[in-house]
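**Student:** Okay, handing you the structure first.
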Amino acid sequence: DAEHRSEGQLLSKVRGCVGGGAPIPGEVNQELVDTFGVAGVVGAYGLAEFPNCTCEWFDGPDVGRDVGPAGPGVDARVIDGELQLRGTQCFLGYVDESLNAAAFTDDGWFRTGDLAEIGPDDRIRIVGRLKDVVIRNAENISATEVEEAVLFHGSVADVAVIGLPDSRTGERVCAAIVLTPGSTIDVPTLAAHCIELGLAKYKCPEQVVIIESIERNPMGKIQKDKVRDAVLRAIQTREE
């Protein structure tokens, strides 16, 4: 009830909360702290290729702000910003062996594709990712796959897909679109188009932001950091 909620005693026997699949938004962590009186959400970090990487405790010093230290038998390091792991639970390799060269370093460490920091107390904080995916409800959505579907729409001259923070799903799929002259487009129309092309419903864009151009590097690769900046500017301008 409201009285217990204000006292942080909604469920008095709850010792802690565990989250995984995607970083826990700070506002969600704080809401659980305020509601249940727990220290925070224990971050459980792992991958399909390397499960159960970290070992956090309900009374850890930074619960809800990092994912704790590497678990027993797991070695962790950060090279050029990327978290790399080594341990007995690491998978042996992909069925398609051509993928293994990019998945492992020359000295045998697994490349997670996640950007991280390891503090002096060996606690790991995930700060971003190298892989171009949107993590929605713990599902990895390939930005490239969505971009390919969106580009087939006649109103779209160019597109870049990014993930934007979402308090409910972790991230939402946002399509930054350059329109063809005289065209318009909205989310329902675009989603229906993508589904018609065979894209799963949960992968469809949930937000459309119109921008003037999509910057690419000399090799033609979309510069997602600059696209993100353009999207945030467009959203801010629209809200003013």
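**Student:** May I ask you to sort V18, V173, V208, V28 by Cβ crowding, counting other Cβ atoms within 10 Å and putting the fewest first?
**Tutor:** V18, V28, V208, V173
**Student:** Where the eigenvalues come from the Cα gyration tensor of segment 2-129, what are the semi-axes √(5λ) of the equivalent ellipsoid, largest first, in whole Å?
**Tutor:** They are 33, 13, 12 Å, listed from largest to smallest.
**Student:** Apply the Kirkwood formula to the chain: the hydrodynamic radius equals the inverse of the mean of 1/r over all pairs of different alpha-carbon atoms; give it in Å with one decimal.
**Tutor:** Hydrodynamic radius (Kirkwood, Cα pairs) of the chain is 20.2 Å.
**Student:** Between I195 and W57, how many nm apart are label points set 7 Å from Cα along the C-beta direction?
**Tutor:** Going by the 7 Å Cα→Cβ label model, 4.9 nm.
**Student:** First measure r as the distance between the Cβ atoms of V127 and K221, then evaluate 1/(1 + (r/R0)^6) with R0 = 22 Å and state the FRET efficiency to the nearest 0.05.
**Tutor:** 0.50
**Student:** In which sequence would V74, V41 go, from the one with the fewest C-beta neighbours within 10 Å to the one with the most?
**Tutor:** V74, V41
**Student:** Ok, one more. Would you mind working out the magnitude of the charge dipole of segment 140-240 relative to its Cα centre, with +1 at each Lys and Arg C-beta and -1 at each Asp and Glu C-beta, to the nearest 20 Debye?
**Tutor:** Dipole magnitude for segment 140-240 comes out near 160 debye.
**Student:** Assuming a ≥ b ≥ c are the square roots of the Cα gyration tensor eigenvalues, decide whether segment 133-239 counts as rounded (a/c under 1.5), prolate (otherwise, with a/b larger than b/c) or oblate.
**Tutor:** It is rounded, given that a/c, with a ≥ b ≥ c, falls under 1.5.
**Student:** Work out, step by step, the length gained on full extension between R168 and R233: first 0.36 nm times the residue separation, then minus their alpha carbon distance; give nm to one decimal.
**Tutor:** Going from the current span to full extension adds 21.1 nm.
**Student:** Could I ask something else about it? For the chain, give the magnitude of the charge dipole about the Cα centre (Cβ charges: +1 Lys/Arg, -1 Asp/Glu; no others), in debye to the nearest 20.
**Tutor:** Values: 23 positive and 39 negative charges, 41 e Å.
In total the dipole reaches around 200 debye.
Bear in mind these aren't lab numbers, they're just calculated from the coordinates by the rules spelled out. Quick caveat: nothing in here was measured; it's all calculated off a predicted structure. Every residue, glycine among them, receives a Cβ derived from its backbone with ideal geometry; neighbour counts consider all protein chains shown.
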